[in-house]
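What follows draws every value from the coordinates through simple rules; no lab data is involved. On a predicted model such as this, the values are computed, not experimentally measured, just so you know. When we count neighbours, we look across all protein chains shown, and the Cβ atoms used for this are built from the backbone with ideal geometry, even at glycine.
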Amino acid sequence: MNDDNIITLTDAETGEELKLMLVDGFDIKDRNFSVFLTIEENEDDAEMLILEVIEADGETMLSSISEEEEDMVYGYYDQLVDDALADEDGEEE
């Protein structure tokens, strides 16, 4: 596991820390998103999390996706993964 791809987020309300590993990124309509997996003791408990990358005042910040956009963003990423897997299958033949 590359430590350069690990970040720790702290919930502003609860103070709870969440360790995430960056695994992918993609763009939708001039918006940038990063795909993370939660780091858990039991790897089977890991969850995927997509956050929007926002540049403001020279700083890079991560923002959660609104409930209204969640289905669209996760669906778009699922389609990207499906397309990439189909391309790999096609190359093997």
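For Glu47, are the conditions met, namely being within 18 Å of Lys19 (Cα to Cα), in contact with a Ser or Thr (Cβ under 7 Å, 6 or more places away or on another chain) and in contact (Cβ under 8 Å) with a residue 12 or more places away in the chain?
No, not satisfied.
So which pairs qualify, if the first residue must be in the range 61-80 and of a type outside the set (Phe, Trp, Tyr), the second must be part of a loop (DSSP other than H, G, I, E, B), the Cβ gap must be under 8 Å, and the two must be at least 6 apart or on different chains?
That search, which allows pairs on different chains as well, returns Val73/Ile65.
Restricting to the range 1-35, name every residue that is touching a helix residue (DSSP H, G or I) at 6+ places or on another chain (Cβ under 7 Å) and under 20 Å from Asp71 (Cα atoms).
Phe26, Ile28, Phe33, Val35
Could you list, in sequence order, all residues of the range 3-39 that are more than 22 Å from Val81 (Cα to Cα) and exposed (fewer than 12 other Cβ atoms within 10 Å of the Cβ)?
Result: Asp3, Asp4, Thr8, Thr10, Asp11, Ala12, Glu13, Thr14, Gly15, Glu16, Glu17.
Could you run through the range 1-35 and say how many residues are in contact with a Ser or Thr (Cβ under 8 Å, 6 or more places away or on another chain) and among the small types (Gly, Ala, Ser)?
Qualifying residue count for the region: 1.
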